[in-house]
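The values are calculated or read from the model by the stated rules, or taken from the named source; none is laboratory data. Computed from a prediction, not measured in an experiment: that's the story for all the values here. With ideal geometry, Cβ positions are generated from the backbone for all residues, glycine too; neighbour counts draw on all protein chains shown. For the accessible areas, the whole protein counts, side chains as well, though only heavy atoms, and no ligand, DNA or RNA atoms are used. Shrake-Rupley method; radii C 1.70, N 1.55, O 1.52, S 1.80 Å.
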Amino acid sequence: MITFEGAGKRYPDGTVAVDQLDLKIPSGRTTVLVGSSGSGKTTALRMINRMVEPTQGTVAIDGTDVRSRDPVLLRRSIGYVIQQAGLFPHRTAVDNIATVPLLLGWPKARARARARELMELVGLEPGQGRRYPHQLSGGQQQRVGVARALAADPPILLMDEPFSAVDPLVRAGLQDELLRLQAELHKTIVFVTHDIDEAVKLGDTIAVLRPGGRLAQVDTPERLLAEPVDEFVAGFIGYDRGVRRLSFFPARDLPLRSDIVLSAETTAEQARSVAAASGQPWLFVVDKDRRPIGWIGSAGLAGEEGPRPLGTMGVIGYGHGFTVSTDSLRAALDAAVLSPAGGAVGVDTDGTVIGVVTQSDLGAAIWPLGDAGGVLAATSDNG
Amino acid sequence: MGEGTTASRAADAVAAVAEVWDWTAANLDDPIGPKLLEHAQLSFTSVLLGLLIALPLGLAGARWRPLYPPMLTGVNVLYAVPSLALFFLLLPYTGFSPWTAIIPLALYTLAILVPNVVDGLNQVPDHVRQAAAAMGFGPLRRLLQVELPIALPVIVAGLRVASVATISMVSVASLVGLGGLGQLILTHGFKRNFPAPVIVGIILSVALAFLADAVLVALQRWLTPWARGRESGATTTRNRHIARAAVARSRKATT
Ligand SMILES: Nc1ncnc2c1ncn2[C@@H]1O[C@H](COP(=O)(O)OP(=O)(O)OP(=O)(O)O)[C@@H](O)[C@H]1O
Ligand SMILES: [Mg+2]
């Protein structure tokens, strides 16, 4: 547990970077600090490893004030990853990763062996170990940076916008990797970012800082999106927080209809009767392996000759499906928005169609959630 | 312009080469060998001493920025003092010992080495320095294991220019009875109006400069494998330094 108690930092030029910060960062979890530029995130983070000394209040790790510890030794027990990775250009990837073990006095062979172990853990090829940082891509450099921070197995990991300098695709990969690592390692991670999506994805807890270095709100991602305490936080997390919040609800509870899913061999006549029986304006066509083909409208069916199979008619593309067992309501909604028929196609992990969710069923599933947010917000005002 | 003139010129040239050759053969053990060695020793010691002074000065200049401009003015002013004057000024204290040559030559290298040490250190990226601190490098360890190695290419670039400049300047010390190959040129050649020692002195001096440069290039390649084939700011900084220092050297060669 890392505890900030009334911690503040006023730089010599008078800038108050952090003001009266009270924050408990639980062990073994990921806590994300978000806030606009200059709101004191980096300053707060650096108070933990004494790269910044608070000018008021205290920062303690497991009850011990960090100021009672030698800064150099303290830092060797805390991993640190920064935006540009901060790799040593004159050392190979392996030697970069072995840095802290060597500082701790491990024999060289053991430090290198440990470094190679970590390369595998963070998804680097063994051959990349002999490369110098400038011979690696930005994403690979960040992986080396993460491996270096983990090398001496520190219980605490400080990460200051570690993924913000790489492209969105690589960033998403690194985020997934971090989630996987954290599930395995259970470090106390303090993660700084500007990106609310990243915060929601990675954080067990999110702390929002407002300009002037004051804490605005600390909450789980779900509650933060559901009930921002004020205009500032609401504005910071964005106007689409309602849609974002849907990512906390699984799609598997959606009502899936299979009666309006028809195989390509079905004749127009049969299809017309299904449409009439279900009262649905759109039917979904699948191939003989139940893989998705597309939507067909009952209006289009009306003019077709009875025996003609659906597979020979023109269908409308379905955009993308959502995986019923693993995706969230956000993915299902996105699938529906992208489909001209307004419904979403639910598939199994092997890509076969389980059923479709109609527009009205999806609306009915999502609508009460927004309401629940309102109710929660009202109760938290009392508490 | 008859054939005879051309033929006689060719014969003169052959005779001159033969003369240089004969003189070299006759004087290889003395004075050529010892003077060459002395030249190399004087140059090496001067550059080494210069580096030993430039490193702490450069460190101070890089760490405490306000210190650097006056420091730079200081080493530049030193550089402007004619070498002959410095030799004579030192004579009463150091006599005809090698130090009379080494001290001024070492001081001259500062004008090249101090800015290179400072720029080399300043060019260490801030995020690298911060990452080192965050990982638990103490200040001294950070300097020795992170900052100096990264500054090395720029420092070696300065060393290359300083050593070539010093090798060419050592000869001037022959005016006070030192100066290695300069003595061949002055005592054995110029004063006796005899060209062979002058030519040998020049050739060996240039050869020594080439050798020193080659050794430093090899040293750098060996010490900084990471900088090889690296197209980055460091390379351009290094080239800028070589260019700037070369200008400084050509200026100095005239005093
Ligand atoms: N060494 C310093 N001296 C003076 N002021 C500083 C110093 N470091 C930071 N500040 C100021 O303190 C405030 C907070 O800076 P900090 O770097 O902690 O913000 P941040 O939230 O990390 O910003 P960003 O998102 O841009 O990285 C800013 O106004 C900044 O200008
Ligand atoms: Mg910052």
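Observations on the model:
- Leading residue by the ranking (nearest to A:Ile61 (Cα to Cα)) among those in segment A:3-22 that are in a strand (DSSP E or B) and of a type in the set (Val, Ile, Thr): A:Thr3
- Residue identified as open to solvent by 10 Å² or more (accessible area, probe 1.4 Å), out of contact with any strand residue (DSSP E or B) (no Cβ under 8 Å at 6 or more places or on another chain) and either touching a residue at least 24 places away in the same chain (Cβ under 8 Å) or among the charged types (D, E, K, R) (or both) among A:Gln135, A:Gln128: A:Gln128
- The set of residues from segment B:172-200 being free of Cβ contacts under 8 Å to residues at least 60 places away in the same chain and in contact with a Ser or Thr (Cβ under 9 Å, 6 or more places away or on another chain) comprises B:Ser174, B:Ile185, B:Leu186, B:Thr187.
- Selected residue [away from ligand 2 (no atom under 16 Å from the Cβ) and modelled with pLDDT of 95 or more] from A:Leu124, A:Leu102, A:Leu169: A:Leu102
Quick grid of which residues meet (1) at positive phi; (2) in contact with a Leu (Cβ under 6 Å, 6 or more places away or on another chain):
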site: A:Thr31; (1), (2): no, no
site: A:Val34; (1), (2): no, no
site: A:Ser39; (1), (2): no, yes
site: A:Val52; (1), (2): no, no
site: A:Val59; (1), (2): no, no
site: A:Asp62; (1), (2): yes, no
site: A:Ser68; (1), (2): no, no
site: A:Val72; (1), (2): no, no
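- Scope segment B:88-109; condition in contact (Cβ under 8 Å) with a residue 60 or more places away in the chain and more than 21 Å from B:Leu52 (Cα to Cα); matching residues: B:Phe88, B:Leu91, B:Phe96
- Among the criteria (1) surrounded by fewer than 18 Cβ atoms within 10 Å (Cβ to Cβ); (2) away from chain A (no Cβ under 14 Å), the one B:Ser174 does not fulfil is (1).
- Of all the listed residues (B:Asp119, B:Asp126), the sole one being acidic (Asp, Glu) and surrounded by 17 or more Cβ atoms within 10 Å (Cβ to Cβ) is B:Asp119.
- Of the residues contained in segment A:16-30, none is found to be within 13 Å of chain B (Cβ to nearest Cβ), more than 16 Å from ligand 2 (Cβ to nearest atom) and over 27 Å from the mean Cα position of the chain (by Cα).
- Selection count, segment B:156-170, where residues are out of contact with any Asp or Glu (no Cβ under 8 Å at 6 or more places or on another chain) and surrounded by 23 or more Cβ atoms within 10 Å (Cβ to Cβ): 10
- Of the strands (runs of 3 or more DSSP E) contained entirely in segment A:254-312, those carrying at least 1 residues that are open to solvent by 50 Å² or more (accessible area, probe 1.4 Å) and modelled with pLDDT of 85 or more fall at A:282-286, A:292-297.
- Enumeration of residues in segment A:188-205 that are more than 16 Å from ligand 2 (Cβ to nearest atom) and surrounded by 22 or more Cβ atoms within 10 Å (Cβ to Cβ): A:Thr188, A:Ile189, A:Val200, A:Leu202, A:Gly203
- Of all residues in segment A:155-170, those being surrounded by fewer than 19 Cβ atoms within 10 Å (Cβ to Cβ) and either away from ligand 1 (no atom under 16 Å from the Cβ) or more than 17 Å from A:Val200 (Cβ to Cβ) (or both) number 6.
- Scanning segment A:1-14 for residues being within 16 Å of ligand 2 (Cβ to nearest atom) and either within 14 Å of chain B (Cβ to nearest Cβ) or touching a Gly at 6+ places or on another chain (Cβ under 9 Å) (or both) gives a total of 1.
- Selection within segment B:86-117 - small (Gly, Ala, Ser) and in contact with a helix residue (DSSP H, G or I) (Cβ under 7 Å, 6 or more places away or on another chain): B:Ala101, B:Ala106, B:Ala111
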